[in-house]
Amino acid sequence: MKHLISLDALDAADIAGLLSTADHMAEVLARPQPKVPALRTKTVCSLFFEDSTRTRLSFETAAKRLSAETLTFSASSSSVNKGESLRDTVETLAAMGVDAFVVRHKTAGLPQAITNWCDAHVVNAGDGAHQHPTQGLLDAFTLSRAMSRGNDLSGVRVAMVGDIRHSRVARSTIRALHVLGASVTLVAPASLLPAAFVGTGAVPDGWPVSVSHSLDDVIGDIDVLYLLRMQRERMDNAFISSPGEYSAHFGLTDTRLAAMRNGAFLMHPGPMNHGIEVAVDLDSLSSRGITNLVTRQVTNGIAVRMSVLFTLFGSGSEAIDGQ
Amino acid sequence: MASESGSVLITGGTVINGSGDLRADVLVGNGKVERVAPDLDAALPAEGAGGPRRLAAEGCLVSSSFVDLHTHMREPGREESETIATASLAAALGGYGACVAMPNTDPAQDNVAVVEFVRLQGERAGFVTVAPSGCITVGRNGTQLAPFHSLAAAGVRLFTDDGNGVQDPLIMRRALEYARELGVTLAQHCEVARLTEGAVMHEGCCSSRLGLPGWPSIAEVLMLQRDIELVRETGATMHFLHLSTARSVEIVRQAKNDGLPVTAEVTPHHISLTDEKLSGFSTLYKVNPPLRTMEDIEALRAGLADGTIDAIATDHAPHAQHLKDQDLAAAPPGMLGLQAALGVALGFSGCSPRRLVEAMSWAPARIAGLDDHGRDITAGGPANIVVFSTEGTWRQTPESIVSKSTNSPYFDIDLVGGVRHVLHRGDVIVSGGVAQ
């Protein structure tokens, strides 16, 4: 594995291997000195053409915990849009001796293109509505570890609710959960499902999911409620009527919270829109027997990203053992 | 008989004329076809003995040279990507004798000065006839009608805003009324722009998987329907550029059955490549309209075969490499077509060679109003001739591209047949597949 662009390109063994290495990284992070020399002398460059402070800091923290040097490139302070092509930018940074690029871009496919432009490793940190593979991995990791299931989620029922159409998280997390054996139901108005779902109503080839248009129909039968971020701008192109209407029909309300099974889990990739997809007091979840995994997703993100960086270009397992 | 110096004899080929096929040699001199008859080779003095230069055409077809209804020559304004000279040479090597130059130049072809410049640059290059199209609206902005009368007087026969399809129904209605009495043709790139904002590929299963903004078929279908109704109302002629959807073929077929004065074209890439080509996210395959599905390809091939689609037009769209070395949203749409078109048509259209000559020469010459092109090869007629083979396969290589850009999608695809010789106004432009 030289790059991590899409979870679609990984088989079950690859994904299980990354999650098992993440267990080891979580153990490193629990040490008094949470740092190993695995990537000493390596340079990781965050190449963020779209702002995402959370994801960038998570990757940079992961790189630092592995003793890599980190560089940050953000488009706003660069020569992008000043006549230099994207390829020129990448080649220039690569020429400075970057070992790996962590790439975020608003357009699907740019991380893939970068693999053709330089010899560095490329980790996709989110490209358009295509993939956010480390999010998919950290979601599978968080859920399976919270359920003490190892790398096996067979029989676990997940409802993923919201803007599937525009979501790179959905495309990665569906794949990761499916590979571990979970069954995923997409819940959204048809306008927020990928275009291939519209028309016949049949689930298109390549999507290991079922579909519901009513959260109320599924809320009582699921083990995991996975809420996606609903962006207010979506009403500008008529994907939804209003955030209020969305919240009333597809948000987590007190009524729906009461309908959830005792022992169920709540997940969200962040950042959360309070009052839209989440319209309940999150502090009340534990008293209802619901486990909120949102902060654990963030914490585990670092271990999973360490696992990815180490797997792509770490040198030898001994580098993460000793202190 | 004493032969003229500079005359050329095409020997041993099969002449494809509208009136029928004919095994004959073709003698060209003084810029015209002088004789078409069997056994001229034996009757005339040898090449070294004062006779005409011989161009061997054994096993080949001889027809009027091809006419491309849709060539982006990029000059003036984008000479880093292509010039009229380089596009003209690519055209000649592809078997073309004439190209309709698209108006999205900078400045645009919305005035007589630019149109005359484009035509003159074509004459200076001297490889093919360059016929400038005109804009429908000034600056292709969709608001003010271009000076149709002045442009028509300067020889423009085809008007289009190409990639900026005319959105405003009032402007299109008036343009059709304005064009009708001039005897010129409007050509529309059918697309409701509001439905394709930010689109980079066909909307469907592939775009859904890749998370790329989709270019829905309905955007083409709705505009096609609207404009057919405007044609029905105004009686003006309209040409529909590069159809890409199965439904579009049905709609045009119905319009023709209704007797409406409409014509349509399809590109080589829309009958050979599907949206799956975008799976690797290569900007090479971003094109407007987008590559669609195998179902669409089959309908387009059927439409081409039965004459619903009149012409194959390349939409030759060179882009310098640095423009394509961007993300898919930022990269401009378009791919090369002139040098590969015949090979793609022979390999992928499913049409007979005769039907291809009709779709690549006779019909587009008629649509473009080019009187010296697309004519039968007969004594006294124009000597715009292509000699081509329909046998064998070949691969295009980057080195074989004479355009200034190399954004061809065909390097990994077997192409069929090949262009042997091309004569333009009696001059040998290509001989043995090589530019003279």
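The values are calculated or read from the model by the stated rules, or taken from the named source; none is laboratory data. As the structure is a computational prediction, the values presented were derived from the model and not from experiment. Here the Cβ is made from the backbone with ideal geometry for all residues, glycine too, and neighbour counts use every protein chain on show.
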Taking the range B:390-436 as the region of interest, how many residues are under 29 Å from B:Gly350 (Cβ atoms), among the small types (Gly, Ala, Ser) and within 19 Å of the chain's Cα centre (by Cα)? 4
Given B:Ala85, B:Ala113, B:Ala125, B:Ala101, which one is crowded, with 24+ Cβ neighbours inside 10 Å, on the phi < 0 side of the Ramachandran plot and either out of contact with any strand residue (DSSP E or B) (no Cβ under 7 Å at 6 or more places or on another chain) or hydrophobic (A, V, I, L, M, F, W, C) (or both)? B:Ala101
Among the listed residues B:Thr129, B:Thr137, which satisfies the condition of being closer than 20 Å to B:Val231 by Cα and touching a Leu at 6+ places or on another chain (Cβ under 9 Å)? B:Thr137
Would you please name the residue that is farthest from B:Gly350 (Cα to Cα), looking only at residues in the range B:254-279 that are over 21 Å from the mean Cα position of the chain (by Cα) and of a type in the set (D, E, K, R)? B:Asp258
Which of the residues spanning the range A:186-205 are within 9 Å of another protein chain (Cβ to nearest Cβ), over 18 Å from A:Asp236 (Cα atoms) and part of a loop (DSSP other than H, G, I, E, B)? A:Pro204, A:Asp205
Tell me which strands (runs of 3 or more DSSP E) are completely within the range B:70-161 and hold 3 or more residues being touching a Lys or Arg at 6+ places or on another chain (Cβ under 9 Å), or say none if there are none. B:96-101, B:129-132
So, in the range A:184-196, exactly how many residues are in contact with a strand residue (DSSP E or B) (Cβ under 8 Å, 6 or more places away or on another chain) and either within 11 Å of A:Ile174 (Cα to Cα) or without any contact (Cβ under 8 Å) to a residue 24 or more places away in the chain (or both)? 3
Being modelled with pLDDT of 95 or more, over 18 Å from B:Thr267 (Cβ atoms) and of a type in the set (A, V, I, L, M, F, W, C) narrows B:Leu356, B:Leu336, B:Leu328, B:Leu342 down to just B:Leu328
Hits in the range B:163-202 (condition: surrounded by fewer than 19 Cβ atoms within 10 Å (Cβ to Cβ) and acidic (Asp, Glu)): B:Asp168, B:Glu177, B:Glu181, B:Glu197
Residue among B:Asp296, B:Asp315 that is more than 14 Å from chain A (Cβ to nearest Cβ), surrounded by 24 or more Cβ atoms within 10 Å (Cβ to Cβ) and farther than 30 Å from B:Leu89 by Cα: B:Asp296
Is there a residue being surrounded by fewer than 21 Cβ atoms within 10 Å (Cβ to Cβ) and assigned to a loop (DSSP other than H, G, I, E, B) anywhere in the range B:14-23? yes
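Can you list the strands (runs of 3 or more DSSP E) lying wholly within the range A:65-166 that have 3 or more residues being within 25 Å of A:Asp14 (Cα to Cα) and more than 10 Å from chain B (Cβ to nearest Cβ)? Please lay out each step first, then the result.
Values: elements: A:69-74, A:100-105, A:121-127, A:157-161.
The strands (runs of 3 or more DSSP E) meeting that bar are A:100-105, A:121-127, A:157-161.
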Between B:Ile385, B:Ile312, which is under 16 Å from B:Ala98 (Cα atoms), of a type outside the set (S, T, N, Q), at pLDDT 95 or above and in the same structural domain as B:Asn257 (by TED's automatic domain parsing)? B:Ile312
Taking B:Leu328 and the conditions (1) hydrophobic (A, V, I, L, M, F, W, C); (2) under 14 Å from the mean Cα position of the chain (by Cα); (3) within 14 Å of chain A (Cβ to nearest Cβ), which numbered condition does it fall short on, given that it satisfies the others? (2)
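Condition test on B:Leu170, is it of a type outside the set (D, E, K, R), away from chain A (no Cβ under 14 Å), over 23 Å from the mean Cα position of the chain (by Cα) and not in a loop (DSSP other than H, G, I, E, B)? Show your work before the answer.
Numbers: of a type outside the set (D, E, K, R): yes; away from chain A (no Cβ under 14 Å): yes; over 23 Å from the mean Cα position of the chain (by Cα): yes; not in a loop (DSSP other than H, G, I, E, B): yes.
Criteria met by B:Leu170.
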If I filter the range A:17-40 for residues that are away from every other protein chain (no Cβ under 14 Å), within 18 Å of A:His132 (Cβ to Cβ), buried (at least 18 other Cβ atoms within 10 Å of the Cβ) and in contact with an Asp or Glu (Cβ under 7 Å, 6 or more places away or on another chain), do I get at least one hit? no
Any idea which of (1) surrounded by fewer than 16 Cβ atoms within 10 Å (Cβ to Cβ); (2) farther than 20 Å from B:Val419 by Cα is the one B:Val36 doesn't satisfy? (1)
Does A:Ala95 qualify as being crowded, with 23+ Cβ neighbours inside 10 Å and more than 20 Å from A:Arg171 (Cα to Cα)? no
Run down B:Thr390, B:Thr406 and say which single residue is β-branched (Val, Ile, Thr), modelled with pLDDT of 95 or more, closer than 20 Å to B:Ser431 by Cβ and touching a helix residue (DSSP H, G or I) at 6+ places or on another chain (Cβ under 6 Å). B:Thr390
Consider only pairs whose beta carbons are under 8 Å apart and that are at least six residues apart or on different chains; among these, list those whose first residue lies in the range A:145-162 and is assigned by TED's automatic domain parsing to the domain that holds A:Met25 and in contact (Cβ under 8 Å) with a residue 12 or more places away in the chain and whose second residue is part of a strand (DSSP E or B) and of a type in the set (Lys, Arg). none
